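Trainee: My structure is below; once you've seen it, I'll send some questions.
The values are calculated or read from the model by the stated rules, or taken from the named source; none is laboratory data. Owing to the predicted nature of the structure, the values given are computational and were not obtained by experimental measurement. With ideal geometry, Cβ positions are generated from the backbone for all residues, glycine too; neighbour counts draw on all protein chains shown. For accessibility, only protein heavy atoms count, side chains too; no ligands or nucleic acids. Shrake-Rupley method; radii C 1.70, N 1.55, O 1.52, S 1.80 Å.
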Amino acid sequence: MIYQIKKAVQLLKLCNKSMKNLTAKQIAQVKEIKTWNSTRFHGNTKKVGTLSVTDFKEIIAKKVVRELAKIDTSKKSNVQKVRELITWSLQTKGTGYFKVLIEGNTGIYYASATYGHSDYNKTRVFEKTPETLKLMGLFNAIVSK
């Protein structure tokens, strides 16, 4: 991830000029550009669609920086983790991706309600403490409604 941020910053420095007035066709192309499009081109390439290669790279770099800025890397409290898991579980309720918190010997896991500890895709969320056991009970009560 750090490599991607460095690469995006380098591209922004390379393409530091401001975007000129774009035509309606170019604006439509800019809107269709995905954040993670490749910016590697053969040396002879001058244009991508109706945009110049430098403008295209500048647009991609800006989109990458914006996308990476959305990622929250701060340490989360147990309550914040439970809130995120509640949101995700409520969105996936009724599907095969629905998961609940289950108690293990030394930890609490986020796993499929159907498979339990046999779920190959279970995730260890908390250490097993009285506080996290209460959070597990609260989580399961909210999600099972």
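Trainee: Using the Kirkwood radius built from alpha carbon pairs, what does the Stokes-Einstein equation give as D for the range 42-127 at 37 °C and 0.692 mPa s, in µm² per second?
Mentor: Rounded to a whole number, D works out at 198 µm²/s.
Trainee: Hey, another quick one. Please compute the contact order of the range 45-145 in relative form: average sequence separation of alpha-carbon pairs under 8 Å and at least six residues apart, divided by the residue count, as a percent.
Mentor: Averaging sequence separation for qualifying contacts and normalising by length gives 20 percent for the range 45-145.
Trainee: Ok, one more. Take each uninterrupted DSSP H stretch in the chain, measure its Cα extent along the helix axis, and return the ones at 15 Å or beyond whose mean Kyte-Doolittle hydropathy is at least -1.0.
Mentor: 2-14, 53-69, 78-91, 130-143
Trainee: In square angstrom, what is the accessible area per residue of the chain with a 1.4 angstrom probe?
Mentor: The answer is 71 Å² per residue.
Trainee: Starting from the range 37-123, pick out the trypsin sites (Lys or Arg not before Pro) whose DSSP state is loop and whose Cβ has at most 16 other Cβ atoms within 10 Å.
Mentor: Arg40, Lys46, Lys70, Lys75, Lys76, Lys93
Trainee: When you take every Cα atom in the chain, what is the radius of gyration, and what is Dmax, the widest Cα pair distance, in Å?
Mentor: So, for the chain, Rg and Dmax equal 22.7, 64 Å respectively.
Trainee: For the chain, give the percent of accessible area contributed by carbon and sulfur heavy atoms, probe 1.4 Å, rounded to a whole number.
Mentor: Carbon and sulfur: 56 percent of the exposed surface of the chain.
Trainee: Once every DSSP H run of n ≥ 4 in the chain is given -39500 (n - 2.57) and the sum is divided by its residues, what mean residue ellipticity at 222 nm do you get, rounded to the nearest 500 deg cm²/dmol?
Mentor: -15000 deg cm²/dmol
Trainee: May I ask you to derive the FRET efficiency for Thr92 and Phe41 from their Cβ-Cβ distance with R0 = 30 Å, giving the value to the nearest 0.05?
Mentor: For R0 = 30 Å, the calculated efficiency reads 0.15.
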